[in-house]
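Here the structure comes first, spelled out in structure tokens, and everything after it is commentary.
Where a number appears in this text, it was derived from the coordinates with a stated rule and is not lab data. None of these values were measured; they are calculated from a predicted model. Every residue, glycine as well, gets a Cβ built from its backbone with ideal geometry; the counts of neighbours run over all protein chains shown.
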Amino acid sequence: ARLPALLQAMPKAELHIHIEGSLEPELIFQLAERNGVRLPYASVEALRSAYAFSNLQSFLDIYYAGASVLLTEQDFYDMARAYLRRAVRDKVVRAEIFFDPQTHTARGVSMETVIRGLHRACEDAQREWGISAALILCFLRHLSEEDAFATLEQALPFQGQFIGVGLDSSELGHPPEKFERVFARCRALGLHRVAHAGEEGPPAYIWSALDALQVERIDHGVQALKDEALVARLARERVALTVCPLSNQKLCVFPDLAQHNLRALLDAGLCATVNSDDPAYFGGYINDNFLQVFAATGMTAAHAWQLASNSFEASFAPEADKRAWM
Ligand code: HPA
Ligand code: ZN
């Protein structure tokens, strides 16, 4: 079969998707209207034309502004349902979805509102469309350890409704070890742990995500190739990297997609996966990421099967489900 058809049709897991980054401009305007929120953009087109980024921070500023329209449980439900519907079309059979509660609780939205809306969307999608979906609570690393601990406390009454914790937002200047004690507590609670590391930051941040935070996966991790000893460790321990090609292109981590190192990561024996990160902002959902990075780098059907298999291996789904998908 043609490679694009294979990429689109193959079952896959998506392990790196920020639900607030799936909020399309049309839905931002619809929710702004519904909630009486004033936006600093005149139209959907004006907002979309502001999506020209030079680095991670230039994206985060506009991403947090977009999330300001989310107020009610129904808003969080509608956002997650739209993403899950789209993921099903891309043959995603398992989605592990990041959310950023501090972006919402800082505006007076309760933790309960956020988690209940997202979790109900996951349950309904599983029942109606058969997709397996779970939530991962991310701490914002530009905020303090104290704020992260307070956020964890607020989330504990809903511990059955998320499977793990992550670490996102501005990477440079906020190394993983800032959250060592928070992650130790999460580990003791039996939560899965992941962290963004080596997106813009150095290989040292990947080392400390592994050693100080004891994470089970690295989000992005594309800077790992700069450190031979790190590559050897990631390969030996089968630590997955959740790579996001279009995100890396749009945030200028690589000058263009043809320079992306996904193929080199796979050829080095690493458990790399393909994901969309913030699909509404970076110009594509998971299959767009597969199609464009394969076209730009000349990867083959063997790489495609490896990436799909890696995505299931790296997922936190029950082992019986993983075996059935692989
Ligand atoms: N990196 C860090 N924080 C984020 C990202 C990302 O790619 N997407 C949403 N929050
Ligand atoms: Zn991310």
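Worth a mention:
- Sorted ascending by nearby beta carbons within 10 Å, beginning with the fewest, 315, 170 become 170, 315.
- Using every pair of separate Cα atoms, the Kirkwood estimate puts the hydrodynamic radius of the range 3-314 at 19.4 angstrom.
- Gain on full stretching of the segment that runs from residue 233 to residue 326 - 0.36 nm per residue minus C-alpha separation: 31.1 nm
- Counting 0.36 nm for each residue step from residue 300 to residue 128 and taking away their Cα separation leaves a gain of 58.5 nm.
- Gain upon complete extension [residue 54, residue 33; 0.36 nm per residue less C-alpha separation]: 4.6 nm
- Estimated from helices alone, the mean residue ellipticity of the chain at 222 nm is -14500 deg cm²/dmol (sum of -39500 (n - 2.57) over DSSP H runs with n ≥ 4, per residue).
- HN-Hα J in Hz across the range 53-58 - Karplus 6.51, -1.76, 1.60, θ = phi - 60°, x for Gly and Pro: 10, 10, 6, 4, 4, 5
- With distances taken between every two different alpha-carbon atoms, the range 1-124 has a Kirkwood hydrodynamic radius of 15.7 Å.
- For the range 11-79 versus the range 127-195, the gap between their alpha-carbon centres in whole angstrom: 21 Å
- Peptides 113-122, 272-281, ordered by how many other C-beta atoms sit within 10 Å of their residues on average, highest first, read 272-281, 113-122.
- Cβ-defined net charge surrounding residue 91, 12 Å radius [Lys, Arg +1; Asp, Glu -1]: +2
- Residues 192, 220, 303, sorted so that the one with the fewest Cβ neighbours within 10 Å comes first: 192, 303, 220
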